[in-house]
1. Output the residue which, of all residues in region 133-181 that are of a type in the set (Lys, Arg) and within 23 Å of Cys88 (Cβ to Cβ), is farthest from the chain's Cα centre (by Cα).
2. Please work out which residue is nearest to Ala74 (Cα to Cα), limiting yourself to region 101-116 and to residues that are touching a strand residue (DSSP E or B) at 6+ places or on another chain (Cβ under 9 Å) and part of a loop (DSSP other than H, G, I, E, B).
3. If we keep just the residues of region 61-75 that are at pLDDT below 95 and hydrophobic (A, V, I, L, M, F, W, C), which is nearest to the chain's Cα centre (by Cα)?
4. Being within 25 Å of Ser99 (Cα to Cα), in contact with a helix residue (DSSP H, G or I) (Cβ under 7 Å, 6 or more places away or on another chain) and either loosely packed, with under 12 Cβ neighbours inside 10 Å or of a type in the set (Val, Ile, Thr) (or both) is the filter here, so list the residues in region 20-57 that pass it.
5. Which members of region 83-118 meet the condition of being touching a His at 6+ places or on another chain (Cβ under 9 Å) and either β-branched (Val, Ile, Thr) or closer than 22 Å to Val39 by Cβ (or both)?
6. What residue, of Leu203, Leu208, is in contact (Cβ under 8 Å) with a residue 60 or more places away in the chain, out of contact with any Cys (no Cβ under 9 Å at 6 or more places or on another chain) and either among the basic types (Lys, Arg) or within 20 Å of Val93 (Cα to Cα) (or both)?
7. Could you check region 131-170 and list, in sequence order, the residues that are assigned to a loop (DSSP other than H, G, I, E, B) and either surrounded by fewer than 15 Cβ atoms within 10 Å (Cβ to Cβ) or free of Cβ contacts under 8 Å to residues at least 24 places away in the same chain (or both)?
8. Out of all the residues in region 184-199, which are over 28 Å from Pro78 (Cα atoms) and surrounded by fewer than 16 Cβ atoms within 10 Å (Cβ to Cβ)?
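The values are calculated or read from the model by the stated rules, or taken from the named source; none is laboratory data. Remember, it's a predicted structure, so these values are computed and weren't measured experimentally. Don't worry about glycine lacking a Cβ; one is built from the backbone with ideal geometry, like all the others, and counts go over all protein chains shown.
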Amino acid sequence: MALRPLALELPDTAFGLASVGANTGELFADELRSVRRAVAGRQAEFATGRGLAHRAMMALGHPARAILRASDRAPIWPSGLTGSLSHCRHYAVAAVSRSLPAIGVDIECLHRLSPRTHAAVFTPCERSRVREEPEATAVFSAKEAVFKAIQPLTRTNPGFLDAEIELDLGGGRFRVAYVGSDTATRCMNDLRGAVAVDAGHVLTLAWLTPA
C-alpha cells in the first residue's frame, strides 16, 4: 500500500499502516477486555489498529494510552490528541495528531460496493463522474474519512448523500462539499482530503487545519 499521498507535512501528526495480525505491540488490559468476546479476526483487526495508534502517540512524544470505545463504538482519544482508526480485510491504519482539530482515516478493498448500492451512496453529480473502479471505492472511502473527522466535532451522523466528493486521483487529493441541511455539519466544507490507490486498496485521509 502506497502512503505517498499521506506523507504530507501535516503538523504534529503521525501515521501507521500494517497488515492485520501484525505484531504492533501489546494492548492495555482495558482494551483487551473490550474485545474479549469478539471472534479471532475482529480481535486481530482491533489489536493491529490499537498497536499502530500507540506507536503514533509515542512518535509524537506522548506516552501510549489505552484507546477505549464510546457507546457508539467510536474510539476515545486521550486528552490533547485527535485520531482515527480503520481496517479492511488486509490492512489496519491509524492516524494521530496533537495539533489538528479533526482527522479521519479510512482504508477499503477495491470493489467494496455493489453497483446496486451506488444510488444510495453517491449523489447524482457523483454518479455522473463515477463509472468504475477505483473511483467508486475512493469516493465511498473519502466519505467515511470525512464522517470520522467531523463526528467528534459535531456529534452528527450525516448520510452518504449529504456529502459530495470531487476526486483528483492523479494529484492524490479530494474535496468535499456538504449538500445537506444541517448547519453544524457544514464544517466538512473546510476539510482537506488525500487519497492513495494501489492494485487492491484505497486509503483516504480527511483533516481540518488549525484556525
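1. The selected residue is Arg173.
2. So, considering only residues that are touching a strand residue (DSSP E or B) at 6+ places or on another chain (Cβ under 9 Å) and part of a loop (DSSP other than H, G, I, E, B), the one nearest to Ala74 (Cα to Cα) is Pro101.
3. Ala74
4. If the condition is that a residue be within 25 Å of Ser99 (Cα to Cα), in contact with a helix residue (DSSP H, G or I) (Cβ under 7 Å, 6 or more places away or on another chain) and either loosely packed, with under 12 Cβ neighbours inside 10 Å or of a type in the set (Val, Ile, Thr) (or both), then Thr24 is the only one that fits.
5. Matches in region 83-118: Cys88, His90, Tyr91, Val93, Ala94, Val96, Ile107, Glu108, Cys109.
6. Leu203
7. Scanning region 131-170 gives Arg131, Glu132, Glu133, Arg155, Asn157, Gly159, Gly170.
8. Asp198, Ala199
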